[in-house]
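For reference, the structure discussed in these notes is given below.
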Amino acid sequence: MSDTEIESTVAADKRQDEPAVGFIATADNTDALIRSVVRAQQKGLTCLVTYPGVHPPVGALLAEELGATTLASETVQEEINSLKWVLVGAAKMRSSSGIILAPLSCSSIDFDRSRKSLELQDTFSVDAVPRAVREPQQTPETVVAIPAYNEEETIGGVIREAKAYAEKVLVIDDASTDDTVPIAEEAGAEVVQHKRNRGYGAAIKSAFAEASTYDTQALVTLDADGQHDPSDVPKLVAALDHQDTQLVIGSRFVDGTRSRLPLYRKFGIKVVNVLTNLSLGVVRSDSWVKDTQCGFRAYGRAAIESVAGDTTISNGMGASTDILYHAHHHNYGIAEVGTTVDYEVDNANNHNPFRHGLTLVKNIIKTVERQRPLTVLGIPGFANTLFGFSLVYWSVVAYNASETIPFSIVILGLFCSLLGLFLCFTAVILHSFVIYFSSEVTAPEFRE
């Protein structure tokens, strides 16, 4: 296979990972159709165009010249549902990850929000999200986002307190089965709902996706159970004004902290803090992030946009650590300010501390293995190989001296050698993948 064919195959695979956009061409929407097709292609989306009747309208022909795929239909009249099924079927045949169905007018489509809507709803097809028209004075300077799952007893009070310190309060409801949503709406929050329970990390990602659609300068995340004090929001936001600071953590381990941690929880957090900082490559303890797991955080504009587009952040409780890796990778400044965390509130989160800690440790190990394969796999592999060769060499020397083969030592040496070589080859291959995908991520930014 030639290099050109390989590149074409790779490009095709990448297109299949993206959703398609489906348009219905008519005699009346030619201009809007062409504009939307061009915008969709600029976003890297595949365009599918169908039309009623036998003869394609001008818009369909022009879209085809621009690279869109046109689909004939047996529908004589503009039966919208039938035409949409043609588009959905074509997207499935092309192995697309889903399809965004444009309105008949083909105008005012927000492709980024439509793509997020498709991801959040976990369905194959969604109607396109229209572009919102916001007045400049309506842009919130600070957005507070509150992930929530069955928090009906505390969510109302948290929202009312937070509204005093932010222009907009978002509640990301992770498919609660109680009255969390109506209580949040009554308290004045804007609610984003998940159709199924997807986890804390998924709620955080939805918060970033929603905040990225505003021109807000600060996103603050806090818990819905009342453990965090919303009156500390201005303190976190003020710390973002420092040069290059894009992440501020409400810390339980710096000056100004008013938190009483149970001893077992403090010990567990300290262990996770050490592992997280070492996995970040930070060796000097005076440069460590003192509290890597607190969910009370503030993010600057650059962090909001980059985290919203990061697909590596997990859906579970490891999201807080993943965001630290993201900030470290982007060289964002990280600051910590003392905050209040109340562990004696009623209905505090009921995560088992031991299981939660194990989940975080496993997430750290997986992330380090993915991002630093030469360190995690290469060094142990080299050590195993060296140890195995040493055993085999010793066996040869022993045989020359006594003419007796120490079979157990030989087998152990061969096993260690083969295992070490396997780990080394795996590390090199994974490292190559890391380099390749890093270049793929940064290439579009470079071209722009």
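Just want the ordering: L240, L261, from fewest to most Cβ atoms lying within 10 Å of their own Cβ.
Lowest to highest Cβ neighbour count: L261, L240.
State which entries of K43/K195; K235/K270; K168/K266; K116/K195; K168/K205; K235/K266 exceed 22 angstrom in Cα-Cα distance in the structure shown.
Where the Cα-Cα span goes over 22 Å, the pairs concerned are K43/K195; K235/K270; K168/K266; K235/K266.
Can you give me the distance in nm between label points at E185 and V54, each placed 7 Å from the Cα along the Cα-to-Cβ direction?
Each label point lies 7 Å from its Cα, and together they span 5.0 nm.
I want to make sure I understand the PRE zone here: with the label point 7 angstrom from the Cα of Y343 toward its beta carbon, which residues in the range 246-263 have backbone N atoms less than 16 Å away?
The answer is 251-254, 257-263, whose backbone nitrogens lie closer than 16 Å to the label point.
Treating each Cα of the range 64-132 as an identical point scatterer and ignoring solvent, apply the Debye formula and state log10 I(q)/I(0) at q = 0.22 Å⁻¹.
-1.11
If you take the beta carbon distance between A175 and T123 as r and set R0 to 22 Å, what does 1/(1 + (r/R0)^6) give as a FRET efficiency, to the nearest 0.05?
0.90
In nanometres, what is the gap between the two model label sites at V428 and A302, each 7 Å from Cα along Cα-to-Cβ?
For the pair V428/A302, the computed spacing is 3.7 nm.
Subtract the Cα-Cα distance of E167 and R94 from 0.36 nm times their separation in residues, and report this length gain in nm to one decimal.
Extending this stretch completely gives an extra 21.9 nm.
Can you pull the one-decimal nm distance between simple spin-label points at L66 and D28, each 7 Å off the Cα toward Cβ?
Going by the 7 Å Cα→Cβ label model, 2.0 nm.
What FRET efficiency would be calculated for the residue pair T312, L414, taking the C-beta separation as r and a Förster radius of 25 Å, to the nearest 0.05?
Working from the Cβ atoms, E equals 0.10.
Calculate the FRET efficiency for N197 and E403 from the Cβ-Cβ distance with a Förster distance of 51 Å, rounded to the nearest 0.05.
With a Förster radius of 51 Å, E is 0.15.
Every number here is computed from the coordinates shown, using simple stated rules; none is lab data. Since we're looking at a predicted model, the values are computed, not measured. Glycine also receives a Cβ, built like all others from the backbone with ideal geometry; neighbour counts cover every protein chain displayed.
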